[in-house]
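A short write-up of the structure that comes next.
The values are calculated or read from the model by the stated rules, or taken from the named source; none is laboratory data. Only a predicted model underlies this, so the values are computations on that prediction, with no experimental measurement involved. Note: ideal-geometry Cβ built from the backbone for every residue, glycine included; neighbour counts use all protein chains shown. Keep in mind that these areas ignore ligands, DNA and RNA; they rest on the heavy atoms of the full protein, side chains included. Shrake-Rupley method; radii C 1.70, N 1.55, O 1.52, S 1.80 Å.
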Amino acid sequence: MGPRDVPLMAVRRVALITGASGLIGSEVAAYFSRHAHSVHGVDNNQRAVFFGPQGDTRWNQKRLERELPSYRHHELDIRNREGVLDLVAHVRPTVIVHAAAQPSHDRAAAIPFDDFDTNAGGTLNLLEAARRHCPESPFIHMSTNKVYGDGPNRIPLVEQATRWDYADPQYANGIPETFPIDQSLHSLFGASKVAADVIVQEYGRYFGMPTCCLRGGCLTGPNHSGVELHGFLSYLVRCNLEEREYTVFGYQGKQVRDNIHSLDVARFIHAFADAPRSAEVYNLGGGKGNSCSILEAFALVERISGQRQRYQYVATNRVGDHICYYSDLRKMREHYPRWNITVTLEQTIAEIVAAWQRKLVS
């Protein structure tokens, strides 16, 4: 039997996923498991430490262990440098998906050391482990659109009945990857994610490693443990179903976010892993077609759940919050033409409503 006759399943494919019990990590774990990878998940339920019991993700860890035969859980904090180096040396992954983070603007100001050590230091630990032990393996980093700081707020806007939108035709398709990231207000969270984003790019350029940063908009889906400080649509839906008051912070509730289902995130990550590039950056969101304001989200959720949305309005916006943001997806589609958005905003919200309905009665 010659080398071309080796059966496909003989190829060793191992995915190492950090933040594996979270929304994106768990979706990626399931997707790669379905596509012939053994999956090693790293998570220590730090979300419960950051956000309390409502942020707990143990239920999702147990689901992965129950449903994915190829899944192995590792209870490890990515700030543990020796632990990360040892794990990567042992597993020798053929792809690394880094989805672990401290994800909240507001929480970062209260825990600046934990925020930076997790987002920047943890990313460096993983990159260096990959450089030492599997430098040829694609390294996919879940960054954030908050690396742009409040720069998008300087774009001229037009006020519509239920949303803000860009008045400048240059941004008719959304924010491109060429948008500047410095000389703007980021929040401490945004700053720590900038540090991680830049170091991921640098390992790609300086060492020639196959890396990319995915600057996510609102990443969402039915497996999100949404809380007030992180998880816009998931938390909004939970408030609606529990008849709790949702707080709108500034901008008249017309601030716009683009929303992408975690499945479409996983699909793009898999596409990049199959055909990696070096030091790439992509704005990963739902684009204008999957965008909505908070007021528009209220209307969509009310129509699907059949319940009125209770809310209060606070005139002060969150520090560094975007008035309008949706991703320009043209670069992603050009580099990976077989990828596109497959789950609509309405479908996504319907799945989130159904998931919370199941959780709240169990």
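Here is how the numbers come out for the structure above:
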read-out	value
Scan of the stretch 266-296 for residues that are in contact (Cβ under 8 Å) with a residue 24 or more places away in the chain, open to solvent by 10 Å² or more (accessible area, probe 1.4 Å), within 16 Å of R338 (Cβ to Cβ) and not in a loop (DSSP other than H, G, I, E, B), ordered by number	R267, H270, A271, A273
The listed residue being without any contact (Cβ under 8 Å) to a residue 60 or more places away in the chain and touching a Phe, Trp or Tyr at 6+ places or on another chain (Cβ under 9 Å), out of P156, P222, P152	P156
Test for R4: is it modelled with pLDDT under 95, in contact with a Ser or Thr (Cβ under 9 Å, 6 or more places away or on another chain) and of a type in the set (D, E, K, R)	no
Residue, farthest from E242 (Cα to Cα), within the stretch 27-62, restricted to residues that are among the charged types (D, E, K, R) and surrounded by 16 or more Cβ atoms within 10 Å (Cβ to Cβ)	D43
Candidates Y336, Y326 - the one that is touching a residue at least 12 places away in the same chain (Cβ under 8 Å), more than 28 Å from S187 (Cα to Cα) and touching a helix residue (DSSP H, G or I) at 6+ places or on another chain (Cβ under 6 Å)	Y336
Residue ID - least open to solvent (accessible area, probe 1.4 Å), chosen from residues in the stretch 63-85 that are more than 22 Å from R132 (Cα to Cα), in contact with a strand residue (DSSP E or B) (Cβ under 7 Å, 6 or more places away or on another chain) and modelled with pLDDT of 95 or more	L64
Meets criteria (surrounded by fewer than 22 Cβ atoms within 10 Å (Cβ to Cβ) and either in contact with a strand residue (DSSP E or B) (Cβ under 6 Å, 6 or more places away or on another chain) or basic (K, R) (or both)) for R205	yes
Lone unmet requirement of (1) closer than 30 Å to G306 by Cα; (2) without any contact (Cβ under 8 Å) to a residue 60 or more places away in the chain; (3) out of contact with any His (no Cβ under 9 Å at 6 or more places or on another chain) for I260	(2)
Pair list, Cβ < 8 Å and 6+ apart or interchain, from the stretch 162-179 residues that are in contact (Cβ under 8 Å) with a residue 40 or more places away in the chain and on the phi > 0 side of the Ramachandran plot to residues that are part of a helix (DSSP H, G or I) and open to solvent by 50 Å² or more (accessible area, probe 1.4 Å)	G174/K288
Selected residue (criterion: nearest to A99 (Cα to Cα)) from residues of the stretch 218-234 that are open to solvent by 20 Å² or more (accessible area, probe 1.4 Å) and not charged (D, E, K, R)	L219
Selection from the stretch 242-256 of residues that are of a type outside the set (S, T, N, Q) and either at pLDDT below 95 or open to solvent by 30 Å² or more (accessible area, probe 1.4 Å) (or both)	E242, E243, R244, E245, F249, Y251
Top-ranked residue of the stretch 342-358 - restricted to ones that are of a type outside the set (S, T, Y), crowded, with 21+ Cβ neighbours inside 10 Å and modelled with pLDDT of 95 or more, ranked as farthest from the chain's Cα centre (by Cα)	V353
Elements of type helices (runs of 4 or more DSSP H) contained in the stretch 96-200, each with 2 or more residues being open to solvent by 10 Å² or more (accessible area, probe 1.4 Å) and farther than 21 Å from D86 by Cα	105-110, 112-116
